[in-house]
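Structure first, then comments.
The values are calculated or read from the model by the stated rules, or taken from the named source; none is laboratory data. Given the structure is predicted, the values throughout are model-derived calculations rather than measurements. Glycine gets a Cβ as well: all are built from the backbone with ideal geometry, and neighbour counts include every protein chain shown.
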Amino acid sequence: MSDVQAFAGFVDLASRAAGGAALLASDDFFAAAERLIDPKPARFDPTTYTERGKEMDGWESRRKRVPGHDWCILRLGVPGRLRGVDVDTSHFLGNHGPFASLDACAVPADTPPEALRDEVTWTQVLPPAPLARGAHNLQPIASEGRWTHVRLNMYPDGGIARLRVYGDPLPDPSDGAPGANPGDGLIDLAALARGGRPLACSDMFFSPMQNLLLPGRSTYMGGGWETRRSRPPGEDWIVVALGAPGRVERVTLDTGHFKGNYPDRALLEGLYWPGAPAPALVNVPGGHPDWRPVTAWTKLRADDERTVPATDPGPFTHVRLRIVPDGGVARLRVWGRPVSAAEGPGAGDPLLRFVNAGPEAEVAAALARCCGARRWVAGVLAGRPYASRTHLFGQAEVVWWHLGDGDWREAFEHHPRLGADPAALRARFGATAGWSQGEQRGVEGADEATLEALAAANRAHEARYGHIFIACATGLSARDMLDRLEERKGLEPWAELRLAAGEQAKITRLRLEKLAAELPA
C-alpha cells in the first residue's frame, strides 16, 4: 500500500508541508532526520555517495557499538489525535531499523528541544513493533489524547525513510488565528491549522487529498490533489470537514502547477451536520441529498488562483468540492467566519425544538409514528440534541442501518397492507392512518382487477418473505406498485429484506417531514 492510500481520511500531522519539524536526533550520521517528514516519497539513486557513505533519502544512524537505541523528536505541524503511523523503510534493505516504537507528549510549541529530551514525560502510543525492510510498515494507534510532539524510537540503529503520523487535527484556539486573512479578518475554515480535514474523495491516484488543505501555495504538481483520468469523462469530488462551523463569504480555488491536467470547472457545496460520519455523506448515489451549492459552477484555468463569491453563505460544517471531469487542484480555501451553535440552522426550527427539548415520552411516541422499531426510537433519542434537520435525519438513518433484521421486521409490522381501506387503516393504525392513507393515495381509483392483483401479489410476497411488501408508495400508482412487486418477487430473502429496509428509510424521512409540518411554528 502506498503512502497516498494509507490511512485515507486522516491527516499526516508530522509532514513538513503541514508545518512539522525534526527537532533533535540521537544520531543521524549517514542521513539527516529532517528527511523523515519530507512530503515527497523517498527516492533512491544507486550512484550517489557522500563523504560519509551511501546517500540515503531518509534518516540513518551509524552502526551501534555501544548499548542503547536511536531516537528522533518531531514537532507535529498540527497538534492532534493520533490514529496510525506509516514507518516507511523504502530503499533501506540491508540497513533498515529492525524495530520501532512511538512516544508522544503535549507541551507548548516553543518548548526547547533539550527540554523535550531531558525534562518531558513521554507516553508510549505504539509499543515496539518489527519493521519489514523496504516496505510501508502500517500500525494503528488507539490513543485518544491530543499530542503536539512525537518521539520515534529505532531499535537499535539503522535507517527509516519516512514517518507518516496520521490523525485528526486538534488545534488549540488559544494559539491565535492560523489561516486568517489579515485584510478582512476572514479565516480559512478548511485549513488544517484550524482543524479542517479531508474525509473522503472519489479518487486520489496521483496525489493525496490532504494536500488540498495544506498551508501556503503548492511548490510542485505533486503537492496538490490530483485524480486519474476518468474513462469516460465524468466527475470527481472531495468532502472536507471544516475546522469549525461557519458562514462562507468566498472560496479560493488554486490550480497551481496543474497546466495540462487542471479540471474544466468546479463547484463547492455545503451542509450542516456536526461530527457527520464520512460514509453517511458519500455512500449513496450522488452523495447526501442535503448538499447545496455554496458557489456557482466556476470555470477554471491552468496554473491559476481564482477567488469566487459564496452564493449561499450557510452556515456549514462540511463542504464538498466537485470537479468536472477530473484532474488536479492544488489548494482549497474556504474564507468565512465561525458561528456558535446558537447561530446554526437549527435555531428556531420547530421540529428540532420539539425533538431536542420535548418530554421524552412525548417525543418517543412521535418518533414511533415515523418508524415503529423500538430500538430505532431509542437510538434517535440518545442522539439528542440535534443541530440541524440534516443532523437529525442523517442520524436517524445511521441508527436505522445499524439495527438488526428483527428491528427492521418490527418496523414493517407498523405498516398496513397495500390497498387497505380507510376504515381498516383507522382501526389498526390509528396514530399513522392519515399518513399511510396519503402515502398509498396512488392506489385509489385503480380498477378492481388491478386492486385484486395487487392484493394477491402482496399475499404471495408475505408468504415467501415473511413480511408485507414495503415500498415508499408516495407518487406511485397501483400499476407502479404492481410492477415493483413483480420486480422483487424473485429476490433472495436477504436481498429483499435490505431493499425493504431501504424503502423504510425513505418512508421514515418523509414522515419526519410530516411530523415537522404538524408542529406549531
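Across segment 182-227, the number of residues qualifying as of a type in the set (Val, Ile, Thr) and touching an Asp or Glu at 6+ places or on another chain (Cβ under 8 Å) comes to 1. The residue pairs whose first member lies in segment 255-281 and is in a loop (DSSP other than H, G, I, E, B), whose second member is surrounded by 17 or more Cβ atoms within 10 Å (Cβ to Cβ) and among the basic types (Lys, Arg), and whose beta carbons are closer than 8 Å, counting only pairs six or more residues apart or on different chains, are Gly256/Arg331. Restricting attention to segment 334-348, does a residue exist that is within 26 Å of the chain's Cα centre (by Cα), within 25 Å of Ser202 (Cα to Cα) and at pLDDT 95 or above? Yes: one or more hits.
Scanning segment 199-209 for residues being of a type outside the set (A, V, I, L, M) and in contact with a Phe, Trp or Tyr (Cβ under 8 Å, 6 or more places away or on another chain) gives a total of 4. Listed here are the strands (runs of 3 or more DSSP E) enclosed by segment 137-203 that have at least 1 residues being at pLDDT 85 or above, small (Gly, Ala, Ser) and surrounded by fewer than 16 Cβ atoms within 10 Å (Cβ to Cβ), and there are none.
When we screen Gly270, Gly314 for residues that are on the phi > 0 side of the Ramachandran plot and in contact with a strand residue (DSSP E or B) (Cβ under 9 Å, 6 or more places away or on another chain), the only hit is Gly314.
Beta carbons closer than 9 Å, at least 6 apart along the sequence or on distinct chains, pair a first residue in segment 343-365 that is among the basic types (Lys, Arg) with a second that is not in a helix (DSSP H, G or I) for Arg353/Gly346; Arg353/Leu519. Which of the following residues is at negative phi and free of Cβ contacts under 8 Å to residues at least 40 places away in the same chain: Glu119, Glu114, Glu144? Criteria check complete, one pass: Glu119. The residue that is farthest from Arg250 (Cα to Cα), among those in segment 298-308 that are surrounded by 14 or more Cβ atoms within 10 Å (Cβ to Cβ) and touching a strand residue (DSSP E or B) at 6+ places or on another chain (Cβ under 7 Å), is Leu300.
The single residue among Arg52, Arg83, Arg65 that is in contact (Cβ under 8 Å) with a residue 12 or more places away in the chain, of a type in the set (D, E, K, R) and surrounded by fewer than 16 Cβ atoms within 10 Å (Cβ to Cβ) turns out to be Arg52. Applying a threshold of 8 Å to beta carbon distances and a minimum spacing of six or more residues, or different chains, the list of pairs starting in segment 196-221 at a residue that is more than 19 Å from Asn261 (Cβ to Cβ) and not assigned by TED's automatic domain parsing to the domain that holds Val334 and ending at one that is part of a loop (DSSP other than H, G, I, E, B) and modelled with pLDDT under 95 is empty.
Here is a yes/no grid of residues against (1) of a type outside the set (Asp, Glu); (2) crowded, with 19+ Cβ neighbours inside 10 Å; (3) touching a residue at least 60 places away in the same chain (Cβ under 8 Å):
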| position | (1), (2), (3) |
| --- | --- |
| Ala471 | yes, yes, no |
| Ser477 | yes, no, no |
| Leu491 | yes, no, no |
| Gly502 | yes, no, no |
| Thr508 | yes, yes, yes |
| Glu518 | no, no, no |
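Could you tell me how many of the residues in segment 40-74 are within 16 Å of Asp28 (Cβ to Cβ) and either in contact with a strand residue (DSSP E or B) (Cβ under 6 Å, 6 or more places away or on another chain) or not in a strand (DSSP E or B) (or both)? Explain how you work it out, then say what you get.
Of segment 40-74, the ones within 16 Å of Asp28 (Cβ to Cβ) are 42, 50-64, 68-74.
Filter once more, so that each one left must be either in contact with a strand residue (DSSP E or B) (Cβ under 6 Å, 6 or more places away or on another chain) or not in a strand (DSSP E or B) (or both): 42, 51-52, 55-64, 68-74.
Looking only at that region, the number is 20.
Table: residues versus (1) hydroxyl-bearing (Ser, Thr, Tyr); (2) in contact with an Asp or Glu (Cβ under 6 Å, 6 or more places away or on another chain); (3) modelled with pLDDT under 90; (4) outside the structural domain of Gly287 (by TED's automatic domain parsing).
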| site | (1), (2), (3), (4) |
| --- | --- |
| Ala368 | no, no, no, yes |
| Ser388 | yes, no, no, yes |
| Ala396 | no, no, no, yes |
| His415 | no, no, yes, yes |
| Tyr465 | yes, yes, no, yes |
| Ile470 | no, yes, no, yes |
| Ala473 | no, yes, yes, yes |
